[in-house]
Each structure stands twice: as structure tokens, then as C-alpha cells.
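The values are calculated or read from the model by the stated rules, or taken from the named source; none is laboratory data. Here the structure is a predicted model, which means the values were calculated and not measured. Every residue, glycine among them, receives a Cβ derived from its backbone with ideal geometry; neighbour counts consider all protein chains shown.
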Protein chains: 2
Amino acid sequence: MSEQNVELRKAGLKVTLPRVKILSILETDETLHLSAEDVYRALIEAGEDVGLATVYRVLTQFETAGLVTRHNFDGGHSVFELDRGDHHDHMVDMETGSVIEFTNDQIERLQHEIAEQHGFDLIDHNLVLYVRKKKM
Amino acid sequence: MSEQNVELRKAGLKVTLPRVKILSILETDETLHLSAEDVYRALIEAGEDVGLATVYRVLTQFETAGLVTRHNFDGGHSVFELDRGDHHDHMVDMETGSVIEFTNDQIERLQHEIAEQHGFDLIDHNLVLYVRKKKM
DNA sequence: ATGAATGCAAAAACTTTGCATGACG
DNA sequence: CGTCATGCAAAGTTTTTGCATTCAT
């Protein structure tokens, strides 16, 4: 029994071909950040006959199940990222659109401090840096 | 000559009724964060006959001119905020939905450092803390 | 006068939904 | 087998665009 099957069952999801394939694509992809359209195209290229609507439905289910995180970067569409348990923030290259992940403990700590100072507990946060390659 | 006219001229924008009205709505609003739809409704309520397409066009122009900042908070629609010259980040109270603004120089500085370390210039950034009132 | 801005409707882009068919457990 | 998932197409949302008309300078 493949890895995906276990993950799906653990998430309480019936093991179906679209779900296994989509999970597999998310695990294999190197960019780590795929739009629904990206996943759909990957399926078509792999010769799988899966509808775009199913891709959206499955990704949303994965999000609910905590397998995947949905990001709303700039421009219209959402991108999905497999949740590997490690927290990180994102840097988006405005020229290429590519996404770089990073972590910074100091920033994490400061965020907690700021929430505290206002009498709140920090539940979640979202930090995206929009950057451009340095001109020299 | 009203305040709005000056701001529009300074931004290099022709002074038209829709632009003046929209700017005025953004200046008057207390929530500080309006969607295009919100602005459109406010115009209709004020008896102004302005099309939704124009609202989008004007808000986009305002953004380009630096009068307004566009935020892509959660999913779906964008919200626009009048740029009052002060940079700040946002804290969203998850229970009430209210938005608190804050600034932190250390975080600002760290963001620049992180971009630098990756060979980038920091163009813009987006930081939202999702918080909940402390239980005591 | 002349070029830009507007309103309307139509189109685009992204995402969700209804329904009949097919697959999982 | 009963139920849930799927595919397709149709509808929903949010935002953009084409074009004739109106408006600002």
C-alpha cells in the first residue's frame, strides 16, 4: 500500500484515483506552490482524465484536512502547498513569480511580542515579502 | 477648491466626479478597509450614478498613483486602504474581524535584511497577524 | 476641440455547484 | 450495495475590457 493511501486514510478521506494522483503531484513538485490550474495541467500531461472541478474539490478537502495550505498571494488565483509540518514564510520574486521559503526566529518572536503588547494571543500569521533581483 | 482636487492633481489625475467622490469615501470611512463593492454601494447610497467598472478603474489608478494600497487579505476580493503616508502592518482579531494597525521597526529592518541575504531588494511586503483576545 | 474618462454590457479569470454516472469500502 | 466521489456543464464571483458617449481642460 502506497504512502498516499495511508495519508488519505489518516485524513479520513476515501482513497480515490484523483486524490492519490493529486497528492502525489503535490509531493513530487519542486516549486512547492501549485495553483489548481497547475495541478490540473500536470494531471492531463500524466494522461489522467480528471476534471478541473475535481481538482478544486480535492484541494479544498485537503486544506480542510490539514494536508495542504492555501495561499492567496497577489494576482487572482490561490496556490496550494503541501503541509510538511515546518513553518515558514514566503518571498515572491516579482519578476519571475517564483516563491522562496524562509524562516526567521527573530521575526517569529517579535510577532508574538506585538500581539502580547496589544493583549492578544497570536493564532496565525501571514508574511510575504515581494522582492526584485538586486540591480548592480 | 476642495482637498480632493489637490490630491488628484498632485497624482496627475484629471479631476472628475467619480474620482472625487471615491476619494472622499475612502477618506471618510472609519473601517479604513473597503472593497470595490463597498465603495460602489456607498456611491449608490449617496445617490451618485457611477458604474462598478469605474470604481475598479479608479481604485486601480489610485493604487498606481500611490494614493491607495490594495490588500489581498483572506480569499476572494481585494480591499483598498487610503495611503496616509504612514506604513503599518495589520492585526486581525479573529473573533470580531476588526483590524488593528501597528508598526514595528525591528520587523521592518529584519525584512530588508532577509531580502538582502537572498540577493534581492525588498519592494513591498505584507504582514498580517491573526490574533485572539487573551484568555485570563 | 481633443484626448481622456465614463457607463454599460460583454468577456475574462477563477472557483463553486447541480446532477447523472461511476467507483470505493 | 449504499454511499460518496467524479465529470461535465452551467452558474457564481470578482475583476477587466470594448466601444460609443460624455466630460475636463
Residue match in segment B:83-105 (condition: in contact (Cβ under 8 Å) with a residue 12 or more places away in the chain, within 11 Å of the chain's Cα centre (by Cα) and within 16 Å of DNA strand D (Cβ to nearest atom)): no
Cβ-Cβ under 6 Å pairs, at least 6 apart or on other chains, segment A:52-66 side under 14 Å from A:V79 (Cα atoms), far side of a type outside the set (A, V, I, L, M, F, W, C): A:V55/A:Y40; A:V58/A:P18; A:V58/A:R19; A:E63/A:R70
Residue among A:E101, A:E37 that is out of contact with any Leu (no Cβ under 6 Å at 6 or more places or on another chain), acidic (D, E) and closer than 23 Å to A:V15 by Cα: A:E37
Selection status of B:E81, under 23 Å from B:E7 (Cβ atoms), surrounded by 13 or more Cβ atoms within 10 Å (Cβ to Cβ) and within 11 Å of another protein chain (Cβ to nearest Cβ): no
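Mind checking which helices (runs of 4 or more DSSP H) fall wholly inside segment A:1-85 and carry at least 2 residues that are near DNA strand C (Cβ under 8 Å from one of its atoms) and closer than 22 Å to A:V99 by Cα?
A:36-45, A:52-65
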Test: residue in segment B:99-115 that is away from every other protein chain (no Cβ under 12 Å), of a type outside the set (S, T, Y) and assigned to a loop (DSSP other than H, G, I, E, B): no
Exclusive hit being farther than 30 Å from B:V79 by Cβ and in contact (Cβ under 8 Å) with a residue 12 or more places away in the chain, set A:A36, A:A42: A:A42
Leading residue by the ranking (nearest to DNA strand C (Cβ to nearest atom)) among those in segment A:86-98 that are under 20 Å from B:F120 (Cβ atoms) and part of a loop (DSSP other than H, G, I, E, B): A:G97
Verdict on A:F73 being within 14 Å of chain B (Cβ to nearest Cβ), among the aromatic types (F, W, Y) and away from DNA strand D (no atom under 16 Å from the Cβ): no
Those residues of segment A:116-136 which are within 7 Å of chain B (Cβ to nearest Cβ) and outside any strand (DSSP E or B), in sequence order: A:H118, A:G119, A:K134
Any hit, segment B:49-70, residues being touching a helix residue (DSSP H, G or I) at 6+ places or on another chain (Cβ under 9 Å), more than 10 Å from DNA strand D (Cβ to nearest atom) and within 14 Å of chain A (Cβ to nearest Cβ): yes
The one condition in (1) at pLDDT 95 or above; (2) surrounded by 12 or more Cβ atoms within 10 Å (Cβ to Cβ); (3) more than 23 Å from B:F73 (Cα to Cα) that A:Q4 fails to fulfil: (1)
